[in-house]
Amino acid sequence: MQRRNFIKVSGLAAGGLLLSFNISCKKKSPGRKAGTYQNVNVYLSINTNGLVQITNPVPEIGQGVRTSLPMLLAEELGVDWKDVVVEQGDANAQFEGRNQRAAGSNSVRVFWEPMRMAGAVAKDLILQAAVQKWGITKSRCDIKNGVVFNTENKLRLPIGDLAAAAVTFKPSDDIVLKKKADFDIIGSKVSNPDIQNIISGKVKFGQDVRIPGMLYASIEKGSTYGATVASFDAAEALAIKGVKRAFLVPFHGNQDRPYCQEGVAVVGESVWAVLKGRQALKIEWNLGTNANESTSNLHEICSKLIESDSGLEVRDDGDVYEILENDENRLEAIYHVPFIGHVCMETVNCTIDLKDDSCEIWSTSQMPFAELNFLTRFLELPTEKISLHVARIGGGFGRRLGLDFTIEAAKIAKEVKQPIQFFWTREDDLKFDGYRPFSYHKMSASIDESGKPIAWLHRQAGTSRYAFRSNEQPYGSEFFPNHFPANLIPNFRQEYSLAVSNLKRSLIRAPGNNTLAFVVESFMDELAIKSKKDPLEFRLEVLGEKERKFEFDEEDEVVISTSRMKAVLELAAEKSSWGQSLPSGRGMGIAGYFTFDTYIAHVAEVSVDAGKLKIHKFTTAVDCGEVLHPDGAIAQVEGAIIDGISATKHQEVHVENGQTMQTNFHNYPVLRMGESPKEIEVHFVASNGPPTGIGEPPYPPVAPALCNAIFAACGKRIRKLPIANQLEA
């Protein structure tokens, strides 16, 4: 990125004060004098007492961006990490618009250069101030641990002493970013700047927000998606102490596929009063056209569709059908992946103070700038009249990319005309979530005499995310035609059939890939067994000896590399002692996958005894380019493994008569501590490339690695998720 273009886009020129940002730093150190902050650019302010306040542009949903992104700026500025204060940025166009989001494992990829350049610009301004003060050349000056020094007269000055003067200068034309060899902070272990507040319970999540005069609000909705209110009686609800209001909130969008469902809002002085008020409502419902929807119907529909020749051709290389039809020894298998929910630790919520001419919001959205743009239109207020603060968020996984809960809060605020905190219960969260698409997959393949696959047919039938809310082709969210093993098998074909349904589906961690990885890498394992080859060696042979690269059409300027995929497979195998002799009932499974420009391989080691699964270890190899914060990256991999195992073992949403049958953790279980791997070991491939995604990529290959290990341990092939009680049989 050219410096001039960056400054133009991001408002980095000194003197451009951005008063809408929270710069009220309260951090103090023993013996540190009081000071005043000097705004250097959109990303940072420097206090005259030496503290550096860095504004984090991306919502913190547990992915660690409040540590990793400030590290970028601190590195280039040359500040001591203990002198860094991190503030959360409000929604603002200065952060390059819609890139101010926690989605697609994009945070570090998007801000890798901008935040480094922000630090480099600040360093340049500080050095200019030092040069003026000392009367020497800038080449003789540098900054280390927040202290400016020079090699000419050996003088030293804390950056705080030069902050006021620095903001009067303009950035130089010769600013360059550090080389990797000069990194002090990037790649090192640093403390989480919020750790003390986290362990002491002082960190404020969305539901911790409190403002004067605030009421609480929630909505009672019908049992089916798209149900509308025929009539309601709120008398008993209003008789409950603390309940203030009860009124209809109409659906938002299409009635059969509403963006927000219709319901009756209850507003009160406490969460308890609101919940009791919801229970006391007397509502007659029109259940709508979706009352006939069920997952049992979808099982029947998709089972038929994958046997049909009517599927849409997604990709067709060579002559797959001729080879398969002439191969009596071809391998065929059918896989199924169910609806699953997000079940974030913190359910969705929004606190809003709407006045006639302004609005202040405390959001838990993963898309704060998109949310700000929407509210500008919805509330008919100028953008500058809306202050959208981003609270710390208790998990996202794609759930908070939708704005439904914000719209509901805004509708209630318009009616109440008083500050409210709007919330969903856990039951709301499961019943009215947007689920991972439901799908069936019929896999067929032929292998030649040497055991290499020569024909591959993948038929998929499912509900498609794009068919639910998009103008794009339904297969576009369910198939990535240029993904492995495309381009590696000469005769390769993909077909897609849409199962028409109004059941709500949405993005979930590593969308699309979390399904495809299970199917593709499980079937790859089956082919290895059929060819009587070691599953690792089989994969390496498919990838080939020579490096091959091909464009990945789903992301701009992303190229898939066979050698990088091989490297993570080999590293995971090496570190797990792949191929070692194991006791009876114990086995290892391997799986590798490419997601968001990152290569991941897992080796799972499990044992199965009398139908009981025990997960001993996950060994993981990661190629995610430059690793900014090793501890944070490891935590993301560990979290993805736990999340992936939880979904693989337990999670499934059933729908009957249009109604989601799962309502809380008693019938939608998540992984317990005793079920978790006894050990998780993470290894990174050394890289000089820019950082790529890490929050989502480890998730997709978890299911196939685990299920392949189960087969190795006991001979049971898992083709349907979740595993549930399949091993008991």
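Points worth noting:
- Summed over the range 38-67, the residues that are touching a residue at least 24 places away in the same chain (Cβ under 8 Å) and in a strand (DSSP E or B) give a count of 12.
- Filter pass, residue 728 being among the acidic types (Asp, Glu) and under 26 Å from residue 577 (Cα atoms): no
- The single condition from (1) in contact (Cβ under 8 Å) with a residue 40 or more places away in the chain; (2) assigned to a loop (DSSP other than H, G, I, E, B) that residue 440 fails is (2).
- Taken over the range 68-82, the residue count meeting the criterion of being part of a loop (DSSP other than H, G, I, E, B) and not β-branched (Val, Ile, Thr) is 2.
- No other residue among 249, 266 is under 22 Å from residue 416 (Cα atoms) and without any contact (Cβ under 8 Å) to a residue 60 or more places away in the chain apart from 266.
- Unmet criterion (only one of (1) in contact with a helix residue (DSSP H, G or I) (Cβ under 6 Å, 6 or more places away or on another chain); (2) open to solvent by 60 Å² or more (accessible area, probe 1.4 Å); (3) more than 26 Å from residue 105 (Cα to Cα)) for residue 655: (2)
- Within the range 284-320, the set of residues being over 30 Å from residue 255 (Cα atoms), of a type outside the set (Asp, Glu) and open to solvent by less than 70 Å² (accessible area, probe 1.4 Å) comprises 306, 308, 314, 315, 318, 320.
- Count of the range 448-481 residues which are β-branched (Val, Ile, Thr) and crowded, with 22+ Cβ neighbours inside 10 Å: 1
- Looking across the range 383-402, the residues that are crowded, with 23+ Cβ neighbours inside 10 Å and basic (Lys, Arg) come down to 399, 400.
- Hits in the range 185-219 - residues which are more than 22 Å from residue 628 (Cα to Cα), open to solvent by 50 Å² or more (accessible area, probe 1.4 Å) and not in a loop (DSSP other than H, G, I, E, B): 197, 199, 205, 207, 208
- Of residues in the range 122-137 being surrounded by 16 or more Cβ atoms within 10 Å (Cβ to Cβ) and more than 19 Å from residue 176 (Cα to Cα), the one modelled with the lowest pLDDT: 136
- Test: residue in the range 664-673 that is hydrophobic (A, V, I, L, M, F, W, C) and open to solvent by less than 10 Å² (accessible area, probe 1.4 Å): no
- So residue 324, is it touching a Lys or Arg at 6+ places or on another chain (Cβ under 7 Å) and either open to solvent by 40 Å² or more (accessible area, probe 1.4 Å) or not aromatic (Phe, Trp, Tyr) (or both): yes
- Residue 549, sole failed condition from (1) free of Cβ contacts under 8 Å to residues at least 24 places away in the same chain; (2) touching a strand residue (DSSP E or B) at 6+ places or on another chain (Cβ under 6 Å); (3) crowded, with 20+ Cβ neighbours inside 10 Å: (3)
- The sole residue among 529, 489, 508 that is over 23 Å from the mean Cα position of the chain (by Cα) and in a loop (DSSP other than H, G, I, E, B) is 489.
- Applying the condition of being over 18 Å from residue 144 (Cα atoms) and small (Gly, Ala, Ser) to the range 169-196 and asking which residue is nearest to the chain's Cα centre (by Cα) yields 191.
- Residue identified as at pLDDT 95 or above and surrounded by fewer than 17 Cβ atoms within 10 Å (Cβ to Cβ) among 355, 411, 417: 355
- If you filter the range 590-617 down to residues that are surrounded by 24 or more Cβ atoms within 10 Å (Cβ to Cβ) and small (Gly, Ala, Ser), you find that the one that is nearest to residue 694 (Cα to Cα) is 601.
- Of all residues making up the range 220-231, the number that are crowded, with 23+ Cβ neighbours inside 10 Å and not in a strand (DSSP E or B): 4
- Pair list, Cβ under 6 Å, 6 or more apart: the range 494-518 residue more than 19 Å from residue 434 (Cα to Cα), other residue surrounded by fewer than 24 Cβ atoms within 10 Å (Cβ to Cβ) and basic (Lys, Arg): 494/315; 495/459
- From the list 543, 516, the one residue that fits, being at negative phi, buried (at least 22 other Cβ atoms within 10 Å of the Cβ) and hydrophobic (A, V, I, L, M, F, W, C), is 516.
- Looking only at the range 552-585, and only at residues there that are open to solvent by 60 Å² or more (accessible area, probe 1.4 Å) and touching a helix residue (DSSP H, G or I) at 6+ places or on another chain (Cβ under 8 Å), the one that is farthest from residue 611 (Cα to Cα): 570
- Search result, residues across the range 692-729 that are open to solvent by less than 10 Å² (accessible area, probe 1.4 Å), modelled with pLDDT of 95 or more and more than 23 Å from residue 529 (Cβ to Cβ): 697, 698
- Residue in the range 308-330 that is farther than 23 Å from residue 485 by Cβ and in contact (Cβ under 8 Å) with a residue 24 or more places away in the chain present: yes
- Top-ranked residue of the range 138-167 - restricted to ones that are in contact (Cβ under 8 Å) with a residue 40 or more places away in the chain and assigned to a strand (DSSP E or B), ranked as farthest from residue 178 (Cα to Cα): 158
- Number of positions in the range 489-515 that are of a type in the set (Val, Ile, Thr) and farther than 30 Å from residue 63 by Cβ: 2
- First in the range 679-696 and closer than 14 Å to residue 110 by Cβ, second anywhere and hydroxyl-bearing (Ser, Thr, Tyr), Cβ under 6 Å, 6 or more apart: 692/598; 693/105; 693/598; 695/105
- Test: residue in the range 165-184 that is surrounded by fewer than 16 Cβ atoms within 10 Å (Cβ to Cβ) and of a type in the set (Phe, Trp, Tyr): yes
- Residue within the range 346-362 that is assigned to a helix (DSSP H, G or I) and over 26 Å from residue 95 (Cβ atoms) present: no
The values are calculated or read from the model by the stated rules, or taken from the named source; none is laboratory data. Being a predicted model, the structure only gives us computed values, none of them experimental. Note that we place each Cβ from the backbone using ideal geometry, even for glycine, and neighbour counts take in every protein chain shown. Quick note on the areas: whole protein, heavy atoms, side chains included, nothing else; ligands and nucleic acids left out. Shrake-Rupley method; radii C 1.70, N 1.55, O 1.52, S 1.80 Å.
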